[in-house]
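Chemist: Following this message is one structure expressed as structure tokens.
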Amino acid sequence: MTGIVLAGGRSSRMGKDKAELPWQGGTMLSAAVDKLALFCKEIIVVGPQRTLDRNVRWTQDRYVGKGPLAGLHAGLEEASDDSVLIVPCDMPTLPVRVLEEIVKLAGTGEFDVVLPVHSDGNEPLCTWLSKPACLPVIRRLLEEGHTCPLDIYPHVRVGELDMEKIFSQAEVEKIFANLNSPVDYEAAKKEVLTKTCCTNTQS
């Protein structure tokens, strides 16, 4: 399986490169890479090259200015494997359990995409894709001017993973929180610190 981290956004609301922000002894980017490394031998980062302790491959969007759909395309083009696990770099509170459940459903062989869903929507950038099924569709959509990953789904077999059967609704809101602004970032750091302190106190 190939792992892909989407790290090519402009970080305009954050005011600085989100991927390089400190997170639990590393950065937001390294946190995403470390989680994928539990499942994937090959890891590709879509975005500008940064400093990382792990060995990864780097690539850039071929379709510049075409949003996250172009990021998925760039990663799939570079992937050596047909099975591809994808996470964004700005979702550092994502538990490994979510990736385990995605991989488990993908392993049934019944789907071309595994999509986490919940009552507030779905997570098209935290997903598993079949490269042979999805890459030709994505290429065609980009040529037609599409930019949204959701446009893939009418053309492939989608396995929906109901997150609220695994986590509570309150947990889901925090798990899939994209850290887009300094306020989001500071709140997430405070939440993680509070959990860590509570865990240490209980033990």
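Chemist: Do you know which residues across the stretch 84-129 are over 17 Å from VAL172 (Cα atoms), modelled with pLDDT of 95 or more, touching a strand residue (DSSP E or B) at 6+ places or on another chain (Cβ under 7 Å) and not aliphatic (A, V, I, L, M)?
Modeler: Once the filter is applied, which keeps residues that are over 17 Å from VAL172 (Cα atoms), modelled with pLDDT of 95 or more, touching a strand residue (DSSP E or B) at 6+ places or on another chain (Cβ under 7 Å) and not aliphatic (A, V, I, L, M), the stretch 84-129 yields GLU110, PHE111, ASP112, TRP128.
Chemist: Determine whether ASP34 is in a loop (DSSP other than H, G, I, E, B), more than 28 Å from PRO136 (Cβ to Cβ) and either in contact (Cβ under 8 Å) with a residue 12 or more places away in the chain or touching a His at 6+ places or on another chain (Cβ under 8 Å) (or both).
Modeler: Working: in a loop (DSSP other than H, G, I, E, B): no; more than 28 Å from PRO136 (Cβ to Cβ): yes; either in contact (Cβ under 8 Å) with a residue 12 or more places away in the chain or touching a His at 6+ places or on another chain (Cβ under 8 Å) (or both): yes.
Spelling it out, it is not the case that ASP34 is in a loop (DSSP other than H, G, I, E, B), more than 28 Å from PRO136 (Cβ to Cβ) and either in contact (Cβ under 8 Å) with a residue 12 or more places away in the chain or touching a His at 6+ places or on another chain (Cβ under 8 Å) (or both).
Chemist: So, one more: Restricting attention to the stretch 159-180, and to residues there that are exposed (fewer than 15 other Cβ atoms within 10 Å of the Cβ) and small (Gly, Ala, Ser), which single residue is nearest to ALA19 (Cα to Cα)?
Modeler: Going through the qualifying residues, I end up with ALA170.
Chemist: Can ARG62 be described as touching a residue at least 12 places away in the same chain (Cβ under 8 Å) and not in a loop (DSSP other than H, G, I, E, B)?
Modeler: Details: touching a residue at least 12 places away in the same chain (Cβ under 8 Å): yes; not in a loop (DSSP other than H, G, I, E, B): no.
Here the answer is no, as ARG62 does not meet what is asked.
Chemist: On to the next question. May I ask you to say which residue of ARG62, ARG57 is basic (Lys, Arg) and in contact with a strand residue (DSSP E or B) (Cβ under 7 Å, 6 or more places away or on another chain)?
Modeler: Values: ARG62 fails: in contact with a strand residue (DSSP E or B) (Cβ under 7 Å, 6 or more places away or on another chain).
Just a single option satisfies the conditions, and that option is ARG57.
Chemist: Which residue is surrounded by the most Cβ atoms within 10 Å (Cβ to Cβ), if the candidates are limited to the stretch 53-75 and must be over 14 Å from VAL137 (Cα atoms) and touching a Ser or Thr at 6+ places or on another chain (Cβ under 6 Å)?
Modeler: Here the answer is LYS66.
Chemist: Something else about it: Among the residues of the stretch 85-103, write down those that are polar (S, T, N, Q) and either in a helix (DSSP H, G or I) or closer than 11 Å to LEU161 by Cα (or both). Reasoning before the result, please.
Modeler: Applying the first criterion (polar (S, T, N, Q)) to the stretch 85-103 yields 93.
Passing the criteria: none in range.
Chemist: Next question, about the same structure. Looking at the stretch 112-158, which of its residues are touching a helix residue (DSSP H, G or I) at 6+ places or on another chain (Cβ under 9 Å), more than 23 Å from VAL64 (Cβ to Cβ), surrounded by fewer than 19 Cβ atoms within 10 Å (Cβ to Cβ) and touching a residue at least 40 places away in the same chain (Cβ under 8 Å)?
Modeler: VAL117, SER119, ASP120, VAL156, ARG157, VAL158 - these are the residues of the stretch 112-158 that are touching a helix residue (DSSP H, G or I) at 6+ places or on another chain (Cβ under 9 Å), more than 23 Å from VAL64 (Cβ to Cβ), surrounded by fewer than 19 Cβ atoms within 10 Å (Cβ to Cβ) and touching a residue at least 40 places away in the same chain (Cβ under 8 Å).
The values are calculated or read from the model by the stated rules, or taken from the named source; none is laboratory data. From a predicted model like this one, the values you see are computed outputs, not experimental measurements. Every residue, glycine among them, receives a Cβ derived from its backbone with ideal geometry; neighbour counts consider all protein chains shown.
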